[in-house]
Amino acid sequence: MCECPVRSRTVKVGSGSTELAKIHTSLIVSALKESHPDVEFEVVTTDSLQDKLSKASNLQTVPKRKSDLALLLGEVDCVVSSLKDVPIKLHQGLVIGCVFKRESPYDVVVLHPKYNGQSLENLPNGSVIGTSSLRRSAQLSGRYTHLKFETIKGSLNDRFRKLDEDDSYAGLILAEAGLVRMGWQHRISEVRLPRDICMYALCQGAIGVKCREQDSEIINMLQPINDKEAALQCVAERSFFKNGVQNSFCKTLFVLQERCI
């Protein structure tokens, strides 16, 4: 239990509206409750703040992300996000208060049920594999030249629905972490694509919590759930990427391997 001082009022935790986003937020809130049993936490989906956020006019620079706007307007005290999706350059006045224990950063293969027991290697010629990432397509298309890699959009639920109910896709390439957190690891056909086949995206598998830079109470409150190894990994990956951007590396195709020693 942490002895860090925290405010007596309810702490509002911002969340996305997808099932996976809500699971991420639930993990963070559960960990915070364990460290701060006397603090009340309320989960607020940023979509539910649409009316309030649309009336924002007192900020010099209005951020593009609703979650950032909600933080700056004080509608929430912190926001839970998949760190892979958090921009390298945060909006002025915001920081990443903590990085939660990281799940696997690797990608996996999920095949249509009719291809159970098979792999990418032995799928029929011309089979279509869906992915939301150009990074994955760029790496895998050179290895599996007999397959077609096409973009598939939507939440994890949406992509699984398209895979199972539409014969257009033979399989999907997905982040292992999301499947594990959703409890869908039983659908994984090929576990952890090797690094020499598909390197992962920076901060994949990590959950970050954003907060206001000057809100020392919330920053202190988050420290007990900050995983030092995951934080070091993600700081290194984001810093490396930042240098890459400055040297005109392509953001979309940025991949990496790293190891803590």
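Nothing in this text is a laboratory measurement; each read-out follows from the coordinates by a stated rule. Note that the structure is predicted; figures quoted are calculated from it, not measured. Please note: Cβ atoms are built from the backbone with ideal geometry, for glycine as well, and neighbour counts cover all protein chains shown.
Here the spin labels are modelled as points 7 Å beyond Cα on the Cα-Cβ line, and at R9 and S141 they lie 5.2 nm apart. Amide hydrogen proximity for L94: with H placed 1.01 Å from N in the peptide plane, the residues at 5 or more positions away or on another chain lying under 5 Å are E213. Taking label points 7 Å from Cα along the Cα-to-Cβ direction, T18 and E150 give a separation of 2.0 nm. The residues neighbouring R143, those whose beta-carbon lies less than 12 Å from its own, together hold a net charge of -1 under the Lys/Arg +1, Asp/Glu -1 convention. Bridging of K101 to aspartates and glutamates at a Cα separation below 14 Å is possible for D227, E229, once same-chain residues fewer than 8 apart are set aside. Descending by average beta-carbon neighbour count within 10 Å, the peptides 205-216, 87-98, 111-122 line up as 205-216, 87-98, 111-122, the highest first. Any aspartates and glutamates with Cα under 18 Å of the K162 Cα? List them, leaving off those in the same chain fewer than 8 positions away. Of all the aspartates and glutamates, those that pass the test against K162 - Cα under 18 Å, at least 8 places apart if same chain - are E19, E150.
For L111, the residues 5 or more places off, or on other chains, whose built amide H falls under 5 Å of its own are L172, S189.
Residue-wise HN-Hα couplings along segment 120-129, as the Karplus relation 6.51 cos²θ - 1.76 cosθ + 1.60 with θ = phi - 60° gives them from phi, are 4, 4, 10, 6, x, 4, x, 4, 9, 10 Hz; Gly and Pro carry x.
So if each residue of separation counts as 0.36 nm, and I subtract the Cα-Cα distance between L134 and V39, what length gain in nm does that give?
Numbers: separation 95, 0.36 × 95 = 34.20 nm, distance 4.24 nm.
Full-extension gain reported as 30.0 nm.
With 24 Å as the limit on Cα-Cα distance, the pairs of K22/K64; K22/K114; K114/K148 that go past it are K22/K114. For segment 24-181, the Cβ-based charge dipole about the Cα centre amounts to some 600 debye (Lys, Arg positive; Asp, Glu negative; other atoms uncharged). Each residue of segment 174-186 was assigned a 3J(HN,Hα) from its phi angle through the Karplus curve 6.51 cos²θ - 1.76 cosθ + 1.60 (θ = phi - 60°); the sequence is 9, 6, 4, 4, x, 5, 4, 5, 7, x, 10, 5, 5 Hz, with glycine and proline shown as x. The Cβ shell under 12 Å around I188 holds other residues with a net charge of -1, Lys and Arg each +1, Asp and Glu each -1.
Please report the net charge: other residues with Cβ closer than 11 Å to the Cβ of D107, K and R +1, D and E -1.
+2
Based on the Cβ-Cβ distance from S26 to K228, what FRET efficiency comes out when R0 is 25 Å, to the nearest 0.05? Can you show the working numbers first?
Numbers: r = 23 Å, r/R0 = 0.91.
Efficiency computed from Cβ-Cβ geometry: 0.65.
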